[in-house]
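Below is one structure, written out as structure tokens; comments come after it.
What follows is calculated from the coordinates using simple rules that are stated; it is not laboratory data. Fair warning: this is a prediction, and the values are worked out from it, not measured in the lab. All Cβ positions, glycine included, derive from the backbone under ideal geometry; neighbour counts span all protein chains shown.
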Amino acid sequence: MEAMRDHAIGRMKTDRAFADRAVDAYLRSIGLQQENKDSVARHALEDLRRDPRADANDKALSPDFLHRLERHAQDAATEEAREKWGRVVAAEVRKPGSITARAMRLIDELDPAAAMLFEELCVNRLADTVPTCLTGELKFPVRKALVEAGLLVDPGTFGHANEGKIIDDGSNRIRLFRFETNAISIPAVERG
């Protein structure tokens with residue numbers, strides 16, 4: 001790398017046209033990166049104006065998040081990518097600390113089709129669970145796409161099961177399913 005750098009610097013000193021092209025390319029690159037970052041910021045502001053809700057705390061965005069975001073935002077060369085990163089910024093502003101480094105990597109690599117499938121699936125989620133009684137069984141291509149994207153733990157042949165907890169007060173038997181701070185209860189029915 002040093003040899004390449006030294007060669008380029010030497011050539012810039014002796015070849016004016018090469019130096020001009022190098023400077024122009026560098027400035028153009030920096031300008032495009034700044035335009036991308038500005039566009040991401042505009043999309044974030046639009047998102048926040050449409051939905052201004054925010055977490056009750058006034059926690060500042062972490063320097064780590066901002067550093068990672070800057071790298072992703074400057075490389076957002078399409079309007080779709082800029083809009084995506086704008087939504088990420090808005091989500092983090094609403095709830096600081098909610099977007100992890102892993103989530104940012106996943107968002108960066110996620111293709112739009114898998115993202116759409118995941119959004120549709122998450123409409124029915126309870127905490128980190130998606131009850132099949134709400135969604136039905138996922139079709140194999142959907143399940144495959146979500147597993148490959150890293151958005152779904154491979155449910156295997158028989159799926160994941162949450163049998164809940166049976167509560168019997170003597171006159172009623174219910175099955176209780178907990179989801180973080182929420183729960184659902186249904187009448188307990190013996191399986192036969």
Calculated FRET value between residue 25 and residue 95, using beta carbons and R₀ = 35 Å, to 0.05
0.30
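Local charge sum around residue 132 (other residues, Cβ-Cβ under 13 Å, Lys/Arg +1, Asp/Glu -1)?
Values: positive: 125, 139, 143; negative: 137.
Summing Lys and Arg as +1 and Asp and Glu as -1 gives +2.
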Give the long-range amide H neighbours of residue 62: residues separated by 5 or more places, or on another chain, with amide H under 5 Å away, using H modelled in the peptide plane at 1.01 Å from N.
97
Expected unfolding gain across residue 14-residue 178 under the 0.36 nm per residue rule, minus the alpha-carbon gap, is 51.8 nm
Most mobile of 11, 50, 82 per a Gaussian network model of the chain (Cα springs, under 10 Å)?
11
Sum up the charges of everything whose Cβ sits under 13 Å from the Cβ of residue 11, counting Lys and Arg as +1 and Asp and Glu as -1, but leave residue 11 out.
+1
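Given Cβ point charges of +1 (Lys, Arg) and -1 (Asp, Glu) and nothing else, what value in debye, to the nearest 20, does the dipole of the chain about its Cα centre take?
On the way: 30 positive and 33 negative charges, 25 e Å.
The dipole of the chain has a size of about 120 debye.
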Report the number of Lys pairs in the chain whose alpha-carbons are under 21 Å apart, with separation of 8 or more residues or on distinct chains.
4
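Net charge near residue 109, counting Lys/Arg +1 and Asp/Glu -1 over other residues with Cβ under 15 Å of its Cβ?
Details: positive: 68, 71, 84, 102, 105; negative: 75, 80, 108, 111, 148.
Once all neighbours under 15 Å are counted, the net charge is 0.
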